[in-house]
Amino acid sequence: MKDAIHQRISYTAPNGKQYNIRKDGKVATLIVRPRGWHLDEKHVLIDGEVTSGSLFDFALYFFHNAKKSVEIGIGPYFYLPKMESHLEARLWNDVFNLSQDYIGMPRGTIRGTCLIETIMAAFEMEEFIYELRDHSSGLNCGRWDYIFSVIKKLRQNPKFVLPDRSDVSMTTPFMDAYVRLLIKTCHKRGVHAMGGMAAQIPIKNNEAANKAAMDKVYNDKLREVRAGHDGTWVAHPDLVTLALKVFNEHMPQPNQLHIRRDDVHVTAYDLLNTHVQGGKITEAGIRANVSVSLIYMEAWLRGAGCVPIHNLMEDAATAEISRSQLWQWAKHGAKTDQGVTVTPQYLAKVLD
(Lines give C-alpha, C1' and ligand atoms only; values in the text may rest on other atoms or scores of the structure.)
Protein backbone atom coordinates (compact mmCIF):
# COMPACT_ATOMS: atom_id res chain seq x y z
CA MET A 1 0.00 0.00 0.00
CA LYS A 2 2.95 2.29 0.64
CA ASP A 3 4.18 1.56 -2.89
CA ALA A 4 0.69 2.30 -4.26
CA ILE A 5 0.39 5.65 -2.45
CA HIS A 6 3.94 6.63 -3.46
CA GLN A 7 2.99 5.55 -7.01
CA ARG A 8 5.87 3.15 -7.54
CA ILE A 9 3.98 -0.15 -7.41
CA SER A 10 4.61 -2.79 -10.08
CA TYR A 11 4.16 -6.52 -10.53
CA THR A 12 5.63 -9.16 -12.81
CA ALA A 13 3.36 -12.19 -13.17
CA PRO A 14 4.76 -15.75 -13.38
CA ASN A 15 4.08 -15.67 -17.16
CA GLY A 16 6.35 -12.61 -17.49
CA LYS A 17 3.51 -10.10 -17.97
CA GLN A 18 4.29 -6.76 -16.29
CA TYR A 19 1.87 -4.45 -14.50
CA ASN A 20 2.73 -0.85 -13.61
CA ILE A 21 0.79 2.02 -12.09
CA ARG A 22 -0.82 4.32 -14.65
CA LYS A 23 0.98 7.61 -15.19
CA ASP A 24 -2.07 9.55 -16.44
CA GLY A 25 -3.41 10.15 -12.93
CA LYS A 26 -6.35 7.75 -13.39
CA VAL A 27 -5.55 5.56 -10.41
CA ALA A 28 -8.08 3.88 -8.14
CA THR A 29 -8.47 5.63 -4.78
CA LEU A 30 -7.32 3.43 -1.92
CA ILE A 31 -9.77 2.92 0.93
CA VAL A 32 -7.94 0.86 3.52
CA ARG A 33 -9.72 -1.74 5.59
CA PRO A 34 -8.08 -2.43 8.95
CA ARG A 35 -9.05 -5.61 10.78
CA GLY A 36 -12.10 -5.58 13.08
CA TRP A 37 -11.73 -4.77 16.78
CA HIS A 38 -12.08 -8.45 17.74
CA LEU A 39 -8.83 -9.47 15.98
CA ASP A 40 -5.27 -9.44 17.32
CA GLU A 41 -1.86 -9.07 15.69
CA LYS A 42 -0.21 -11.99 17.44
CA HIS A 43 3.24 -11.30 15.92
CA VAL A 44 3.70 -7.94 17.67
CA LEU A 45 3.91 -7.44 21.43
CA ILE A 46 3.76 -4.06 23.19
CA ASP A 47 4.82 -4.16 26.85
CA GLY A 48 4.47 -7.95 26.66
CA GLU A 49 0.88 -7.83 25.41
CA VAL A 50 -0.47 -8.88 22.02
CA THR A 51 -1.37 -5.86 19.87
CA SER A 52 -4.82 -5.03 18.50
CA GLY A 53 -4.99 -6.00 14.81
CA SER A 54 -7.11 -2.89 14.14
CA LEU A 55 -4.59 -0.49 15.66
CA PHE A 56 -1.65 -2.27 14.03
CA ASP A 57 -3.17 -2.08 10.54
CA PHE A 58 -4.34 1.50 10.94
CA ALA A 59 -1.13 2.81 12.51
CA LEU A 60 1.28 1.32 9.98
CA TYR A 61 -0.71 2.60 7.02
CA PHE A 62 -1.47 6.03 8.51
CA PHE A 63 2.07 6.75 9.74
CA HIS A 64 3.71 5.93 6.40
CA ASN A 65 1.07 7.24 3.99
CA ALA A 66 -1.22 9.91 5.48
CA LYS A 67 0.75 12.98 4.36
CA LYS A 68 1.66 11.53 0.96
CA SER A 69 -1.99 10.57 0.30
CA VAL A 70 -3.06 14.21 0.81
CA GLU A 71 -0.18 15.34 -1.42
CA ILE A 72 -1.44 13.19 -4.34
CA GLY A 73 -4.96 14.61 -4.00
CA ILE A 74 -6.76 11.98 -1.97
CA GLY A 75 -6.40 11.41 1.79
CA PRO A 76 -6.19 8.77 4.51
CA TYR A 77 -9.46 6.95 3.85
CA PHE A 78 -10.57 3.97 5.94
CA TYR A 79 -13.23 1.30 5.72
CA LEU A 80 -14.27 0.23 9.23
CA PRO A 81 -15.65 -3.33 9.50
CA LYS A 82 -17.48 -5.62 11.90
CA MET A 83 -18.67 -3.10 14.52
CA GLU A 84 -21.70 -3.89 16.66
CA SER A 85 -21.84 -0.77 18.85
CA HIS A 86 -21.45 2.99 18.52
CA LEU A 87 -18.86 2.75 21.30
CA GLU A 88 -16.57 0.96 18.83
CA ALA A 89 -17.09 3.85 16.39
CA ARG A 90 -16.24 6.28 19.22
CA LEU A 91 -13.00 4.38 19.80
CA TRP A 92 -12.10 4.77 16.10
CA ASN A 93 -12.84 8.49 16.36
CA ASP A 94 -10.50 8.80 19.34
CA VAL A 95 -7.82 6.93 17.38
CA PHE A 96 -8.30 9.28 14.41
CA ASN A 97 -8.01 12.42 16.55
CA LEU A 98 -4.93 11.24 18.43
CA SER A 99 -3.21 10.14 15.23
CA GLN A 100 -3.88 13.36 13.33
CA ASP A 101 -2.63 15.40 16.29
CA TYR A 102 0.47 13.19 16.58
CA ILE A 103 1.68 13.84 13.02
CA GLY A 104 0.45 17.44 12.89
CA MET A 105 -2.44 16.85 10.47
CA PRO A 106 -5.68 18.87 10.79
CA ARG A 107 -8.50 16.97 12.48
CA GLY A 108 -11.13 15.83 9.98
CA THR A 109 -8.60 14.95 7.25
CA ILE A 110 -9.23 11.25 7.84
CA ARG A 111 -12.43 9.85 6.38
CA GLY A 112 -14.05 6.65 7.63
CA THR A 113 -16.86 4.61 6.05
CA CYS A 114 -18.59 2.28 8.50
CA LEU A 115 -19.72 -1.11 7.32
CA ILE A 116 -23.16 -1.88 8.67
CA GLU A 117 -22.77 -5.64 8.52
CA THR A 118 -24.10 -6.75 11.91
CA ILE A 119 -27.70 -6.82 13.08
CA MET A 120 -26.69 -4.88 16.23
CA ALA A 121 -25.25 -2.02 14.18
CA ALA A 122 -28.51 -1.64 12.24
CA PHE A 123 -30.13 -0.39 15.45
CA GLU A 124 -27.41 2.26 15.98
CA MET A 125 -26.83 3.82 12.57
CA GLU A 126 -27.48 7.41 13.70
CA GLU A 127 -25.13 6.88 16.65
CA PHE A 128 -22.34 5.58 14.36
CA ILE A 129 -22.54 8.70 12.20
CA TYR A 130 -22.65 10.92 15.31
CA GLU A 131 -19.59 9.33 16.90
CA LEU A 132 -17.56 9.78 13.69
CA ARG A 133 -19.17 13.12 12.85
CA ASP A 134 -15.89 14.91 11.96
CA HIS A 135 -14.60 11.95 9.97
CA SER A 136 -17.67 10.20 8.52
CA SER A 137 -17.94 9.44 4.79
CA GLY A 138 -21.08 7.43 5.39
CA LEU A 139 -22.33 3.90 5.87
CA ASN A 140 -22.10 0.84 3.65
CA CYS A 141 -24.48 -2.14 3.41
CA GLY A 142 -22.32 -5.22 4.03
CA ARG A 143 -25.09 -7.53 2.89
CA TRP A 144 -23.46 -10.98 3.20
CA ASP A 145 -21.96 -10.48 6.65
CA TYR A 146 -25.27 -8.92 7.68
CA ILE A 147 -27.18 -12.12 6.82
CA PHE A 148 -24.56 -14.14 8.68
CA SER A 149 -24.87 -11.83 11.70
CA VAL A 150 -28.66 -12.29 11.80
CA ILE A 151 -28.24 -16.08 11.84
CA LYS A 152 -25.43 -15.94 14.42
CA LYS A 153 -27.09 -13.51 16.86
CA LEU A 154 -30.51 -15.16 16.75
CA ARG A 155 -29.26 -18.72 16.39
CA GLN A 156 -30.98 -20.11 19.51
CA ASN A 157 -34.44 -18.91 18.46
CA PRO A 158 -36.36 -21.23 16.09
CA LYS A 159 -38.51 -18.28 14.90
CA PHE A 160 -35.55 -16.94 12.92
CA VAL A 161 -34.69 -20.02 10.85
CA LEU A 162 -33.96 -18.87 7.28
CA PRO A 163 -34.68 -20.79 4.06
CA ASP A 164 -32.15 -21.64 1.33
CA ARG A 165 -29.47 -19.00 0.94
CA SER A 166 -30.59 -18.35 -2.64
CA ASP A 167 -34.06 -17.36 -1.31
CA VAL A 168 -32.65 -14.70 1.04
CA SER A 169 -32.46 -11.77 -1.36
CA MET A 170 -32.33 -8.01 -0.95
CA THR A 171 -36.14 -7.91 -1.24
CA THR A 172 -36.53 -10.18 1.82
CA PRO A 173 -38.33 -8.06 4.50
CA PHE A 174 -35.44 -7.73 7.00
CA MET A 175 -32.91 -6.93 4.24
CA ASP A 176 -35.18 -4.43 2.49
CA ALA A 177 -35.90 -2.66 5.81
CA TYR A 178 -32.19 -2.40 6.64
CA VAL A 179 -31.35 -0.88 3.26
CA ARG A 180 -34.17 1.68 3.35
CA LEU A 181 -33.30 2.71 6.92
CA LEU A 182 -29.61 3.07 6.04
CA ILE A 183 -30.32 5.35 3.08
CA LYS A 184 -32.76 7.50 5.06
CA THR A 185 -30.37 7.78 8.03
CA CYS A 186 -27.33 8.69 5.91
CA HIS A 187 -29.11 11.30 3.82
CA LYS A 188 -30.72 12.85 6.90
CA ARG A 189 -27.18 13.40 8.24
CA GLY A 190 -25.59 14.45 4.94
CA VAL A 191 -23.32 11.43 4.41
CA HIS A 192 -23.20 8.77 1.69
CA ALA A 193 -25.22 5.56 1.65
CA MET A 194 -23.22 2.88 -0.16
CA GLY A 195 -24.85 -0.21 -1.63
CA GLY A 196 -23.78 -3.84 -1.35
CA MET A 197 -21.99 -6.40 -3.46
CA ALA A 198 -23.74 -8.52 -6.07
CA ALA A 199 -22.02 -11.92 -5.91
CA GLN A 200 -22.36 -12.76 -9.62
CA ILE A 201 -19.21 -12.82 -11.75
CA PRO A 202 -18.67 -13.05 -15.52
CA ILE A 203 -19.06 -16.61 -16.87
CA LYS A 204 -16.73 -17.52 -19.70
CA ASN A 205 -17.67 -19.88 -22.54
CA ASN A 206 -21.39 -19.87 -21.75
CA GLU A 207 -23.18 -16.93 -23.27
CA ALA A 208 -26.65 -17.73 -21.91
CA ALA A 209 -25.42 -18.27 -18.33
CA ASN A 210 -23.28 -15.12 -18.54
CA LYS A 211 -26.23 -13.03 -19.76
CA ALA A 212 -28.43 -14.35 -16.93
CA ALA A 213 -25.71 -13.46 -14.36
CA MET A 214 -25.17 -9.97 -15.83
CA ASP A 215 -28.93 -9.34 -15.86
CA LYS A 216 -29.00 -10.15 -12.13
CA VAL A 217 -26.19 -7.67 -11.47
CA TYR A 218 -27.89 -5.03 -13.61
CA ASN A 219 -31.21 -5.43 -11.77
CA ASP A 220 -29.45 -5.38 -8.40
CA LYS A 221 -27.68 -2.09 -9.21
CA LEU A 222 -30.86 -0.61 -10.69
CA ARG A 223 -32.75 -1.39 -7.48
CA GLU A 224 -29.98 0.23 -5.43
CA VAL A 225 -29.74 3.46 -7.43
CA ARG A 226 -33.53 3.83 -7.50
CA ALA A 227 -33.70 3.29 -3.73
CA GLY A 228 -31.34 6.26 -3.27
CA HIS A 229 -27.87 4.75 -2.83
CA ASP A 230 -24.91 7.00 -3.68
CA GLY A 231 -22.58 4.23 -4.87
CA THR A 232 -22.14 0.49 -4.89
CA TRP A 233 -19.87 -2.56 -4.79
CA VAL A 234 -19.08 -5.20 -7.38
CA ALA A 235 -17.45 -8.61 -6.97
CA HIS A 236 -15.26 -8.48 -10.08
CA PRO A 237 -13.41 -5.71 -12.00
CA ASP A 238 -15.26 -6.58 -15.22
CA LEU A 239 -18.53 -5.52 -13.57
CA VAL A 240 -17.39 -1.95 -12.88
CA THR A 241 -18.49 -0.81 -16.36
CA LEU A 242 -21.96 -2.33 -15.91
CA ALA A 243 -22.46 -0.78 -12.46
CA LEU A 244 -21.18 2.62 -13.65
CA LYS A 245 -23.56 2.57 -16.60
CA VAL A 246 -26.58 2.00 -14.34
CA PHE A 247 -25.52 4.64 -11.80
CA ASN A 248 -24.53 7.22 -14.44
CA GLU A 249 -27.88 6.82 -16.15
CA HIS A 250 -29.99 7.13 -13.00
CA MET A 251 -27.63 9.30 -10.92
CA PRO A 252 -25.98 11.81 -13.29
CA GLN A 253 -25.02 13.96 -10.29
CA PRO A 254 -22.24 12.93 -7.82
CA ASN A 255 -24.65 11.58 -5.17
CA GLN A 256 -28.30 11.38 -4.14
CA LEU A 257 -28.13 13.18 -0.79
CA HIS A 258 -31.21 15.17 -1.89
CA ILE A 259 -33.31 11.97 -1.81
CA ARG A 260 -34.36 12.09 1.83
CA ARG A 261 -36.64 9.01 1.92
CA ASP A 262 -39.09 10.67 4.33
CA ASP A 263 -41.55 7.99 3.21
CA VAL A 264 -39.53 5.34 5.07
CA HIS A 265 -40.73 4.23 8.51
CA VAL A 266 -38.76 1.20 9.70
CA THR A 267 -39.49 -0.37 13.09
CA ALA A 268 -37.49 -2.83 15.19
CA TYR A 269 -39.96 -5.51 14.06
CA ASP A 270 -39.16 -4.73 10.40
CA LEU A 271 -35.43 -5.17 11.00
CA LEU A 272 -36.13 -8.59 12.55
CA ASN A 273 -38.79 -9.80 10.11
CA THR A 274 -37.04 -12.84 8.63
CA HIS A 275 -40.17 -14.29 7.01
CA VAL A 276 -39.37 -15.08 3.38
CA GLN A 277 -42.45 -15.38 1.16
CA GLY A 278 -42.22 -18.72 -0.65
CA GLY A 279 -38.83 -19.52 0.88
CA LYS A 280 -37.98 -23.21 1.29
CA ILE A 281 -35.20 -25.42 2.62
CA THR A 282 -34.34 -27.85 -0.16
CA GLU A 283 -31.89 -30.70 -0.62
CA ALA A 284 -30.26 -28.68 -3.42
CA GLY A 285 -29.83 -25.76 -0.99
CA ILE A 286 -28.29 -28.03 1.63
CA ARG A 287 -25.91 -29.55 -0.92
CA ALA A 288 -24.94 -26.08 -2.19
CA ASN A 289 -24.11 -24.94 1.37
CA VAL A 290 -22.04 -28.05 2.09
CA SER A 291 -20.25 -27.66 -1.24
CA VAL A 292 -19.44 -23.95 -0.73
CA SER A 293 -18.27 -24.54 2.87
CA LEU A 294 -15.98 -27.38 1.82
CA ILE A 295 -14.50 -25.75 -1.30
CA TYR A 296 -14.05 -22.41 0.44
CA MET A 297 -12.28 -23.92 3.46
CA GLU A 298 -9.89 -25.74 1.11
CA ALA A 299 -9.16 -22.45 -0.70
CA TRP A 300 -8.70 -20.58 2.60
CA LEU A 301 -6.16 -23.15 3.82
CA ARG A 302 -4.05 -22.59 0.69
CA GLY A 303 -4.21 -18.81 1.10
CA ALA A 304 -7.08 -17.75 -1.19
CA GLY A 305 -9.70 -15.71 0.66
CA CYS A 306 -11.94 -14.84 -2.28
CA VAL A 307 -12.82 -17.60 -4.74
CA PRO A 308 -15.30 -18.22 -7.55
CA ILE A 309 -17.53 -21.21 -6.71
CA HIS A 310 -20.53 -22.18 -8.89
CA ASN A 311 -20.19 -18.86 -10.76
CA LEU A 312 -20.50 -16.73 -7.61
CA MET A 313 -17.71 -14.88 -5.83
CA GLU A 314 -17.51 -16.46 -2.39
CA ASP A 315 -15.68 -14.89 0.53
CA ALA A 316 -15.51 -15.47 4.28
CA ALA A 317 -18.98 -13.93 4.77
CA THR A 318 -20.78 -16.12 2.22
CA ALA A 319 -18.97 -19.21 3.48
CA GLU A 320 -20.11 -18.26 7.00
CA ILE A 321 -23.73 -18.02 5.80
CA SER A 322 -23.45 -21.49 4.24
CA ARG A 323 -21.87 -23.02 7.33
CA SER A 324 -24.14 -21.31 9.88
CA GLN A 325 -27.29 -22.17 7.94
CA LEU A 326 -26.39 -25.87 8.08
CA TRP A 327 -25.89 -25.54 11.84
CA GLN A 328 -29.15 -23.60 12.28
CA TRP A 329 -31.20 -26.14 10.32
CA ALA A 330 -29.75 -29.10 12.25
CA LYS A 331 -30.03 -27.29 15.60
CA HIS A 332 -33.76 -26.67 15.18
CA GLY A 333 -34.57 -29.86 13.26
CA ALA A 334 -35.84 -27.89 10.27
CA LYS A 335 -37.74 -29.77 7.59
CA THR A 336 -36.99 -29.66 3.86
CA ASP A 337 -39.72 -29.02 1.29
CA GLN A 338 -39.85 -32.84 0.92
CA GLY A 339 -40.57 -33.28 4.66
CA VAL A 340 -37.09 -34.60 5.53
CA THR A 341 -35.80 -33.48 8.96
CA VAL A 342 -32.31 -31.95 8.87
CA THR A 343 -30.10 -33.67 11.46
CA PRO A 344 -26.34 -33.77 12.05
CA GLN A 345 -26.37 -37.35 10.71
CA TYR A 346 -28.17 -36.26 7.52
CA LEU A 347 -25.63 -33.46 6.97
CA ALA A 348 -22.70 -35.83 7.61
CA LYS A 349 -24.12 -38.12 4.93
CA VAL A 350 -24.39 -35.23 2.45
CA LEU A 351 -20.81 -34.25 3.29
CA ASP A 352 -19.61 -37.79 2.52
### Message
What is the angle, in °, between the Cα long axis of helix 240-250 and the longest principal axis of the Cα atoms in the chain? Nearest 10 is fine, range 0 to 90.
### Response
90 degrees
### Query
Going by alpha carbons, how many degrees (0 to 90, nearest 10) lie between the helix axis of 53-71 and the longest principal axis of the chain?
50 degrees
#### Entry: Net length gained if the chain between residue 98 and residue 240 were fully extended (0.36 nm per residue, minus Cα distance)
47.5 nm
### Task
State, as an integer percentage, the relative contact order of the chain based on alpha-carbon contacts under 8 Å between residues 6 or more apart.
13 percent
### Query
Considering only protein heavy atoms and a 1.4 Å probe, what is the carbon-and-sulfur percentage of the accessible area of the chain?
55 percent
### Query
So between residue 340 and residue 40, what do we pick up on full extension, going 0.36 nm a residue minus the alpha carbon distance?
103.8 nm
### Query
Of 173, 218, 282, whose Cα points farthest to the positive end of the dipole of the chain (charges on the beta-carbon: +1 Lys, Arg; -1 Asp, Glu; origin at the Cα centre)?
218
### Pairwise FRET efficiency - residue 268 versus residue 207, Cβ, R0 = 35 Å, nearest 0.05
0.15
### Message
Can you tell me which lysines have their Cα less than 18 Å from the Cα of residue 159? Leave out same-chain residues fewer than eight positions away.
### Response
280, 331, 335
### Query
Under a point spin-label approximation (7 Å from Cα along Cα-to-Cβ), what is the residue 9-residue 226 distance to one decimal in nm?
3.6 nm
### Task
Report the one residue of 291, 339, 304 whose Cα lies farthest in the direction of the positive end of the charge dipole of region 287-352 (charges on C-beta: Lys and Arg +1, Asp and Glu -1; origin at the Cα centre).
339
### Query
With labels modelled as points extended 7 Å from the Cα through the Cβ direction, what inter-label distance (nm, one decimal) is found for residue 2 paired with residue 133?
3.7 nm
### Query
If you line up the long axis of helix 283-301 against the longest principal axis of the chain, both from Cα atoms, how many degrees apart are they, to the nearest 10?
40 degrees
### Query
By how many nm would the segment from residue 327 to residue 64 lengthen if fully extended, with 0.36 nm per residue of separation less the alpha-carbon distance?
90.3 nm
### Query
So for 203, 119, what's the accessible-area order with a 1.4 Å probe, most first?
203, 119
### Message
Please report the spacing between the Cα centers of region 48-70 and region 253-271 in Å, no decimals.
### Response
35 Å
### Query
To the nearest 0.05, how large is the calculated FRET efficiency for residue 159 and residue 287 if R₀ is 35 Å and r is the Cβ-Cβ distance?
0.85
### Task
Out of all DSSP beta bridges with both ends in the chain, state the antiparallel percent to the nearest 5.
45 percent
### Query
How far is the Cα center of region 138-199 from the Cα center of region 222-248, in Å?
17 Å
### Calculated [θ] (222 nm, deg cm²/dmol) that DSSP helices of n ≥ 4 give over the chain, each run adding -39,500 (n - 2.57)
-14000 deg cm²/dmol
### Message
Below 11 angstrom from the Cβ of residue 184, what's the summed charge of the other residues (Lys, Arg +1; Asp, Glu -1)?
### Response
+2
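The values are calculated or read from the model by the stated rules, or taken from the named source; none is laboratory data. From a predicted model like this one, the values you see are computed outputs, not experimental measurements. With ideal geometry, Cβ positions are generated from the backbone for all residues, glycine too; neighbour counts draw on all protein chains shown. Accessible surface areas use protein heavy atoms only, side chains included; no ligands, DNA or RNA. Shrake-Rupley method; radii C 1.70, N 1.55, O 1.52, S 1.80 Å.
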